[in-house]
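All remarks here apply to the structure that follows.
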Amino acid sequence: MSYQNRLYVWDDRFLYITPGMISEITQRHTVTLLVALSDAGFVLGNPDGQRQRYQAALVARHTPRSLDASDTALLSLNFDPQSYEHHALTAFLSGQVVRSVTLKPYAIDQQNMHRIGSGTLDKASLFRLTTELPQAICGYRPIKMPMDMRALHVAQKIKKELPLTSTVAELAAEVGLSADRLSHLFSDKLGIPIKSYILWAKMRRAVDLIARGEPLSAVAYDVGFSDSAHLTRTIRHFFGLTPSFVAKGMKVEML
């Protein structure tokens with residue numbers, strides 16, 4: 001079964017499917033579920049050169065890993081700190097940076113995978129899949145997680161107002177906090193510093209603009225980078241994809 005390179009991006013997660021790829025060492029701000037769509041599996045490597053083959057694996061946030069999926073089509077599902085799944089899967093990892101996982105037999109429907117790869121799976125079913133796959137991991141359990149609406153409001157505002165940006169002090173005043181208190185609250189509830197989250201939001205916007213055909217230099221200016229080389233390095237860091245691959249080899253859909 002053939003697949004196309006497709007990237008789907010929501011406010012708090014992204015998913016891509018590829019017929020095969022190789023990526024050098026990258027690390028992401030997301031918790032990532034990788035699933036091989038054939039028996040060949042994929043290989044993850046660490047900076048020390050150690051390599052291991054998997055059929056499905058969960059990778060913790062900020063874990064440097066190389067990826068060799070040249071022998072298999074691959075599904076990559078990534079949850080950012082604004083999502084519930086990010087925190088539940090982090091708890092499931094129990095301090096491990098990479099964990100081999102087994103999915104329940106019903107989890108991967110090949111017809112649905114083909115529809116994702118061809119862009120014909122409807123949006124509701126596509127999003128439902130992103131919530132069902134974590135639940136299909138053997139041994140996974142939901143967790144209780146207290147959340148603060150102020151942190152969620154600020155996270156949404158950061159993404160929605162781009163390319164405009166507010167200072168941390170301005171964001172804090174909007175929810176009745178000092179800048180220091182907001183920074184502490186944001187890190188405590190979402191597990192990521194607010195300035196890192198602002199950068200993550202900018203990278204999501206950059207990928208969208210690149211997919212629309214905007215010149216890389218213009219995209220770099222839009223998201224506040226001094227040059228396109230810096231932007232290229234940062235996109236690879238966040239997504240494990242180069243801008244040229246996004247522009248020429250991948251269909252991108254912002255949902």
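The values are calculated or read from the model by the stated rules, or taken from the named source; none is laboratory data. Values in this document were obtained by computation on a predicted structure and should not be read as measured data. Neighbour counts are summed over all protein chains in view; Cβ atoms, including those assigned to glycine, are modelled from backbone coordinates with ideal geometry.
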Check whether at least one residue in the range 91-109 is under 22 Å from Asp11 (Cα atoms) and out of contact with any Asp or Glu (no Cβ under 7 Å at 6 or more places or on another chain), and report yes or no.
yes
What is the one condition in (1) modelled with pLDDT of 90 or more; (2) out of contact with any Pro (no Cβ under 6 Å at 6 or more places or on another chain); (3) assigned to a helix (DSSP H, G or I) that Phe238 does not satisfy?
(1)
Of the residues in the range 130-168, those that are surrounded by 15 or more Cβ atoms within 10 Å (Cβ to Cβ) and without any contact (Cβ under 8 Å) to a residue 24 or more places away in the chain come to Lys157, Ser166
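I'd like the full set of residues that are surrounded by 18 or more Cβ atoms within 10 Å (Cβ to Cβ) and either hydrophobic (A, V, I, L, M, F, W, C) or more than 24 Å from Ala229 (Cβ to Cβ) (or both), limited to the range 169-198.
Scanning the range 169-198 gives Leu171, Ala172, Leu177, Leu182, Leu185, Phe186, Lys189, Leu190, Ile192, Ile194, Ile198.
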Of the residues in the range 114-126, those that are surrounded by fewer than 16 Cβ atoms within 10 Å (Cβ to Cβ) and either touching a residue at least 60 places away in the same chain (Cβ under 8 Å) or on the phi > 0 side of the Ramachandran plot (or both) number 3
Among (1) of a type in the set (A, V, I, L, M); (2) outside any helix (DSSP H, G or I); (3) under 29 Å from Ser100 (Cβ atoms), the one test that Met203 misses:
(2)
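Tell me which helices (runs of 4 or more DSSP H) are completely within the range 122-183 and hold 1 or more residues being among the β-branched types (Val, Ile, Thr) and farther than 30 Å from Lys104 by Cβ, or say none if there are none.
So the answer is 149-161, 168-174.
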